[in-house]
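A.B. asks: I have a structure I would like to understand better, so I am pasting it below and will then ask my questions one at a time.
The values are calculated or read from the model by the stated rules, or taken from the named source; none is laboratory data. All values reported here derive from a predicted model rather than from experimental measurement. Every residue, glycine among them, receives a Cβ derived from its backbone with ideal geometry; neighbour counts consider all protein chains shown. Just the protein is used for accessible areas: all its heavy atoms, side chains included, with ligands, DNA and RNA removed. Shrake-Rupley method; radii C 1.70, N 1.55, O 1.52, S 1.80 Å.
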There are 2 protein chains.
Amino acid sequence: MTRYDQMPADALKQELQDVQAAFVAVKGKNLKLDMSRGKPGKTQLNLASGILSVLTDPADCTADGMDARNYGELMGLPSCRKLFAELLGCKPEEVFAGGNASLTLMYDVIAKAFTHGLLHSERPWSKEGKVKFLCPAPGYDRHFKVVESFGMELITIPMTATGPDMDKVEEAVKDPAVKGIWCVPKYSNPTGIIYSDETIRRIASLKPAAPDFTVMWDNAYCVHEFDGDFVPFDDILTLCREAGNPDMVFEFASTSKITLPGAGVAVFACSEANMQYMKNLLSFQVISYDKVNQLRHVRYLKDKANTLALMKKHAEIMKPKFDAVSDALDRELKPRGLGSWNRPKGGYFVSYDALPGTAKRTLALCKEAGVVMTSAGATFPYGVDPQDSNIRIAPSLPPVEDLEAAIEVFCICVRLSALEKLLK
Amino acid sequence: MTRYDQMPADALKQELQDVQAAFVAVKGKNLKLDMSRGKPGKTQLNLASGILSVLTDPADCTADGMDARNYGELMGLPSCRKLFAELLGCKPEEVFAGGNASLTLMYDVIAKAFTHGLLHSERPWSKEGKVKFLCPAPGYDRHFKVVESFGMELITIPMTATGPDMDKVEEAVKDPAVKGIWCVPKYSNPTGIIYSDETIRRIASLKPAAPDFTVMWDNAYCVHEFDGDFVPFDDILTLCREAGNPDMVFEFASTSKITLPGAGVAVFACSEANMQYMKNLLSFQVISYDKVNQLRHVRYLKDKANTLALMKKHAEIMKPKFDAVSDALDRELKPRGLGSWNRPKGGYFVSYDALPGTAKRTLALCKEAGVVMTSAGATFPYGVDPQDSNIRIAPSLPPVEDLEAAIEVFCICVRLSALEKLLK
């Protein structure tokens, strides 16, 4: 195989004809495959079946001196807070155990900042002239949409192999209108990288002009290795405290990709001063979250060691899927010099950077051939990728054989859109 | 027994000595009893034990063509929406099934109004000069606190035996700053009355000056009879639609007092136009609520007939508790002419109106004697009862024998505070 950028024009034209024929052929298969979201597949759901039957006797519903079935205990079941504290490396008093969605807890923090202000806010963000938020990109579309939904200005920060470009972040936070940053520190969505120690230290040591600047630390993939052993991480609350920024960070995590995606438990962790402040504001909106489900998780996951053992089983399912994707890209696209991508060891995504100006066309072709992927641009603020290049591949949902079919289609579409571009 | 208001002064003094002695005696018992909140008791929690084991096989987790365990279906499991539609008398498309707390859904509606505006808002309520909210009182403290937490002005509307004083409501809504009203139409919290058909018709037919005036219709006790058969009610969505106000109402309900208080399912119901509008705003904060728990409820409660049968079992537990309270009040306080109260046939509260100026003192005495009750004033906006008279009695949590001890203490404290007042 020859790199497209080294092919003479007539060879490119021949290649176009071949690839068009291949596209017509896969279209004829009438596929219906979904690689659009980071949804666990059915075999993963079945791994955690035990959680459905771990708490069936009402006599088992008492924990921490309370009946988990009744109202009460706004901050969540103490033993559940303890479990997450062990997973995250913080103190149980720093953990708030909520409902099934960490996104909701993130939204709550931003919404509270907007309506009431955070602990160190001079006023609610709704009363500020302009509020800006740092969005390392490519990043997670739902993060960006939370702040966009409140009318904030989204500032793109380039992602690097070690995390957000910290020179740009340190410069940006000199603007008092810049109120926070989104971070997925481990197996970043979608690039799959782990922030370097240096990046994390620089984030914890930021000296933002805004007194209520907030690091939204979404540790969604904190124990989500699929290739190799658990990679330890430092507690961000401790790092921020040691850097003199104890109240600057809210950390988020959940069991959505440990037990059941739609029926897990989500938490946030923050300084005890922040906790006191948030507890008061949250007390207006909820009496308590579902402690029965929290207790199911405590009984089922038990502790960090047992949780990591479960994650090993997820890894056994996930690794062949990621290998199928990476192998196909290596085989079909690398020799042709088409694009660049990572080979992550955890998380839920492969981030593929296509020839600039071809991402949208590639995904339109995929759709035409029955393969749904995350929309082009979704990984950038406002859904607009200035390079029209980044594509998020989510291999978790389809079974391996479907995935192989889907990635074959994807590679054909990448080649086709590249050839169209090169021959224009 | 003689009415206190007909006793000569020396008889009152003798009575004071007797009651003081009785107070010292009960204090000596070192009781620790809680009648502060409408929490179901342990025997009620055990009624719904079947819900813990109704869904233990992963093969049973598929419903409505989807796997309840995975992400997705923001508005909730279709069969769960259908179940609540049957209970409320509306259409499934008008129901949004959420997490475990209806309070959270109510908060969401008000928070959205504040940050983004509702369907017919000219601007977000945060951008209005002044926002006022009608609070029929005595009412539910958590309702009042939701709107208070957003800095709204709370307007007290007197409660009558047939619902909020509608002359006052119709007058108040002429003010365009008045944006809504809280209603608990059936077994009102705390007065236990059911709004009359006439009141409900007048609410549905309101012609408020504010285009986005919203009726917050908390149907918390829609199937919660404990004395007598289920009392049918008209669908408020239909009534509002027929009165030309299709988008004026949000209705709320939950299974918190049907299955498990901390682990139930909550819903809101509204017009399809409102649903479309809310769905968009809610999509930023959650991917989907806990559909596994929704499915547990569908499998366990099945339908309205089966739900009503379960409520009959709750009634068997609740009626003796309410009887214990009512009987004690009838026996100890009625002959002495002390206060007035209702004898509800459903819901969770008895509302007791003490001699004006004695509610706080009564509850301070109760606390001194080891009986915790809802704070005096809690049933009024800003926690201030201008008459210092209303006391909410919540008989559901303690077992009957504890309840009898607690209500004995309460009656002694009512008498003592009345005597102190009369003799001042």
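A.B. asks: Convert each backbone phi in segment B:200-205 into a coupling constant with the Karplus relation 6.51 cos²θ - 1.76 cosθ + 1.60 (shift: θ = phi - 60°), then list the ³J(HN,Hα) values in order as whole Hz, x for Gly and Pro.
C.D. replies: Result, rounded to whole Hz: 5, 4, 5, 5, 4, 9.
A.B. asks: OK, next. Summarise the accessible area of segment A:354-424 (1.4 Å probe, protein heavy atoms) by the percent that is carbon and sulfur.
C.D. replies: Values: 1480 of 2640 Å².
Answer for segment A:354-424 is 56 percent, counting heavy atoms of protein chains only.
A.B. asks: Of all beta bridges DSSP finds with both residues in the protein assembly as shown, what is the antiparallel percent, to the nearest 5? Write down the numbers at each step before the final one.
C.D. replies: Details: 36 of 76 bridges.
In the protein assembly as shown, approximately 45 percent of DSSP beta bridges are antiparallel ones.
A.B. asks: Here's a follow-up. Just the projected area, averaged over all directions, of the convex hull on the alpha carbon atoms of chain B: how many nm²?
C.D. replies: On the way: hull surface 84.1 nm².
Here the figure is 21.0 nm², rounded to one decimal.
A.B. asks: Assuming R0 = 22 Å, what is the FRET efficiency of A:A305 and A:D60, from their Cβ-Cβ distance, to the nearest 0.05? Each step should come with its number before you reach the end.
C.D. replies: Details: r = 22 Å, r/R0 = 1.01.
With R0 = 22 Å, the Cβ-Cβ based efficiency is 0.50.
A.B. asks: Counting every Cα pair in the protein assembly as shown, what percent are over 53 Å apart?
C.D. replies: Value for the protein assembly as shown (Cα pairs over 53 Å): 19 percent.
A.B. asks: Run the numbers for A:A209 and A:S53: contour at 0.36 nm per residue of separation, minus the present Cα-Cα distance, in nm. The partial results should precede the final answer.
C.D. replies: Working: separation 156, 0.36 × 156 = 56.16 nm, distance 5.08 nm.
Once the chain is fully extended between A:A209 and A:S53, it gains 51.1 nm.
A.B. asks: Let me ask something additional. Mind grabbing the accessible area of A:R201 for me, 1.4 Å probe, Å², rounded to tens?
C.D. replies: Taking all protein chains as shown, A:R201 has close to 120 Å².
A.B. asks: Here is a further query. Specify the angular offset, from 0 to 90 degrees and rounded to the nearest 10, of the alpha carbon long axis of helix B:78-88 from the longest principal axis of the alpha carbons in chain B.
C.D. replies: 40
A.B. asks: While we're here: Mind checking the per residue accessible area of the protein assembly as shown for me, 1.4 Å probe, whole number of Å²?
C.D. replies: On the way: 30530 Å² over 848 residues.
With all protein chains present, the protein assembly as shown gives 36 Å² per residue.
A.B. asks: Taking amide H positions as placed in the peptide plane 1.01 Å from N, state which residues far from A:V372 in sequence (5 or more) or on other chains have amide H under 5 Å from it.
C.D. replies: When sequence neighbours closer than 5 places are left aside, the close amide H contacts are A:L33, A:D34, A:M35.
A.B. asks: What total accessible surface area, summed over both chains, is buried at the interface between chains A and B, computed with a 1.4 Å probe and given in Å² to the nearest 100? If you can, show how the numbers build up before the last one.
C.D. replies: Details: alone 17540 and 17540 Å², together 30530 Å².
The summed interface area works out to 4600 Å².
A.B. asks: Here's a follow-up. Where the accessible area of segment A:183-299 is counted over protein heavy atoms with a 1.4 Å probe, how much of it, in %, is carbon and sulfur? Could the numbers behind the result be given before it?
C.D. replies: Details: 1630 of 3150 Å².
Carbon and sulfur: 52 percent of the exposed surface of segment A:183-299.
A.B. asks: How much length would be gained if the chain were fully extended between A:D34 and A:V372, taking 0.36 nm per residue of separation minus their Cα-Cα distance, in nm to one decimal?
C.D. replies: Full extension of this stretch gives 121.2 nm more.
A.B. asks: How high is the relative contact order of segment B:1-108, given as a whole-number percent (alpha carbon pairs under 8 Å, six or more residues apart)?
C.D. replies: Relative contact order for segment B:1-108 comes out at 12 percent.
A.B. asks: Can you list the residues of segment A:110-134 that have at least 40 square angstrom less accessible area with all protein chains present than in their chain by itself, probe 1.4 Å?
C.D. replies: A:T115, A:H116
A.B. asks: If amide hydrogens are placed 1.01 Å from N in the peptide plane, which non-local residues have theirs closer than 5 Å to the one on A:K132?
C.D. replies: When sequence neighbours closer than 5 places are left aside, the close amide H contacts are A:E153, A:V178, A:K179.
A.B. asks: Based on a Kirkwood Rh over C-alpha pairs, give the Stokes-Einstein translational diffusion coefficient of segment A:30-141 at 20 °C and viscosity 1.002 mPa s in µm²/s.
C.D. replies: Values: Rh = 18.4 Å.
In µm²/s, the coefficient is 116.
A.B. asks: Ok, one more. Give or take rounding to whole Å, what are the principal axis extents of the alpha carbon atoms in segment A:220-281, in descending order?
C.D. replies: Over segment A:220-281, Cα extents along the principal axes are 36, 27, 11 Å.
A.B. asks: Which angle from 0 to 90°, rounded to the nearest 10, does the C-alpha axis of helix B:9-27 make with the longest principal axis of chain B?
C.D. replies: Between helix and principal axis, roughly 60 degrees.
A.B. asks: Looking at segment B:108-167, send over the antiparallel percent of its DSSP beta bridges, to the nearest 5. Could the numbers behind the result be given before it?
C.D. replies: On the way: 2 of 8 bridges.
That works out to approximately 25 percent antiparallel.
A.B. asks: Using only Cα positions of segment A:337-395, each an equal point scatterer, no hydration layer, compute I(q)/I(0) via Debye at q = 0.17, 0.23, 0.24 Å⁻¹ and quote the log10 values to two decimals.
C.D. replies: -0.54, -0.95, -1.02
A.B. asks: I've got another one for you. Normalised by the residues of chain B, what does the relative contact order come to in percent, with Cα pairs under 8 Å and at least six apart?
C.D. replies: Working: 812 pairs, mean separation 111.9, N = 424.
RCO, chain B: 26 percent.
A.B. asks: Magnitude of the Cβ-charge dipole of the protein assembly as shown, K/R +1 and D/E -1, about the Cα centre, nearest 20 debye?
C.D. replies: Details: 100 positive and 106 negative charges, 18 e Å.
Using Cβ point charges on Lys, Arg, Asp and Glu, the protein assembly as shown gives about 80 debye.
A.B. asks: Separate question: Per residue of segment A:338-353, what does 6.51 cos²θ - 1.76 cosθ + 1.60 with θ = phi - 60° give for ³J(HN,Hα)? Whole Hz please, x for Gly and Pro, Karplus curve as stated.
C.D. replies: The phi angles translate into 9, x, 9, 7, 9, 10, x, 10, x, x, 10, 9, 10, 9, 10, 9 Hz.
A.B. asks: Taking the DSSP beta bridges in chain B as the whole, what percent of them are antiparallel, to the nearest 5?
C.D. replies: Details: 18 of 38 bridges.
Close to 45 percent.
A.B. asks: Follow-up. Take the Cβ-Cβ distance between A:E272 and A:D234 as r, set R0 to 25 Å, and report the resulting FRET efficiency rounded to the nearest 0.05.
C.D. replies: Working: r = 19 Å, r/R0 = 0.76.
Using R0 = 25 Å, I get an efficiency of 0.85.
A.B. asks: For segment B:228-244, take each phi angle, set θ = phi - 60°, evaluate the Karplus expression 6.51 cos²θ - 1.76 cosθ + 1.60, and give the result in whole Hz per residue in order, putting x for glycine and proline.
C.D. replies: x, 6, 3, 9, x, 9, 7, 6, 5, 5, 5, 4, 5, 4, 5, 8, x
A.B. asks: If you fit an axis through the alpha-carbon atoms of helix B:359-368 and take the longest principal axis of the Cα set of chain B, what angle between them do you get, 0 to 90°, nearest 10?
C.D. replies: In chain B, helix B:359-368 runs at an angle near 80 degrees to the longest axis.
A.B. asks: What's the FRET efficiency of A:L423 with A:A161 using the Cβ-Cβ distance as r and R₀ = 35 Å, to the nearest 0.05? Don't skip to the end; give the middle numbers.
C.D. replies: Values: r = 33 Å, r/R0 = 0.93.
It comes to 0.60.
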